[in-house]
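None of the figures in this text is laboratory data; all of them are computed from the coordinates on show. Treat the numbers as computed from the prediction; the structure is a model and nothing was measured. Here the Cβ positions follow ideal geometry from the backbone for every residue, glycine too, while neighbour counts run over all protein chains shown.
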Amino acid sequence: MKTTFGEYIRLLRTENGLTLTQLAAKLDLDSANLSKIENGKRDFDEKRLPKLSEIFDLNLKELRNEYVTDQIGKKIYETNCTKQLLEVAEEKAEYRRTLNKEKAL
């Protein structure tokens, strides 16, 4: 999805007819913080993903994937990563997967 995670939350909220205040209360946040999340000025707390999933009846794994890809995208943007750097990072991730497989055996 080509939105930030905050924009995704806003989309879910508006599609479900919730006000900022209503959703914030359901997430145990104040509306100012939720507004900052929706506007990309603050990160969503990963610990609240199960609650968000429950509120909008979403698959938690898919929601977590959306969150993680946004966090990775943000880091790539902030550090101005090149494609070469990303290729090296993927190689390191694959190496970690290999290590975990070896430990499991």
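Remarks
- As a length-normalised measure over Cα pairs under 8 Å and 6 or more apart, the relative contact order of the range 5-104 settles at 22 percent.
- Rounded, prolate or oblate (a/c below 1.5 giving rounded, otherwise prolate when a/b exceeds b/c) for the range 55-105 by Cα gyration tensor: oblate
- Of Asn33, Asn80, Asn65, the one that fluctuates the most in a GNM where the chain has Cα springs shorter than 10 Å: Asn80
- All aspartates and glutamates inside 14 Å of Lys83 as judged from Cα atoms, apart from same-chain residues fewer than 8 positions distant: Glu91
- Springs join every pair of Cα atoms under 10 Å in this Gaussian network model of the chain, and among Leu49, Leu86, Leu60 the largest mean-square fluctuation is at Leu86.
- Of all lysines in the structure, those lying under 19 Å Cα to Cα from Lys101, and not within fewer than 8 positions of it along the same chain, are Lys92.
- For the options Gln71, Gln22, Gln84, a Gaussian network treatment of the chain with springs between C-alpha atoms closer than 10 Å singles out Gln84 as fluctuating the most.
- Extreme residue, positive dipole direction of the chain, given options Thr4, Thr82, Thr69 (C-beta unit charges): Thr82
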